[in-house]
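Please treat every number below as a calculation from the coordinates, not as lab data. Quantities reported herein were computed from a predicted structural model and do not represent experimental measurements. So basically every Cβ, Gly included, is an ideal-geometry build from the backbone, and we count neighbours across all protein chains shown.
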Amino acid sequence: MNYREAQEHLRAMGILMSKRDGRIHLNYSGGSEETAYYTQDLEDAIEAGARMGRSRKPMPNWFTVKPPKSSTGS
């Protein structure tokens with residue numbers, strides 16, 4: 001699996017993966033620095049990201065965008 005394929009696979013699990021200066025950064029969508037994982041090895045990133053994705057389930061309406069409520073009462 002190449003970097004782009006891994007990135008898409010992990011994104012579907014709620015894990016974001018980015019790469020800068022040879023380091024791969026993994027974190028939950030909206031995660032803090034305390035939940036971040038860094039590595040230089042793609043295989044390690046894939047395995048760690050999969051573990052992260054299995055350990056935390058997305059919220060029920062993770063990708064749902066609700067329209068704003070009308071202030072006119074209609």
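General observations
- Over all other residues within a Cβ to Cβ distance under 14 Å of Gly22, the charged ones net out to 0, with Lys and Arg as +1 and Asp and Glu as -1.
- Other residues with beta-carbon under 12 Å from the beta-carbon of Tyr38 carry, at +1 per Lys or Arg and -1 per Asp or Glu, a net charge of -1.
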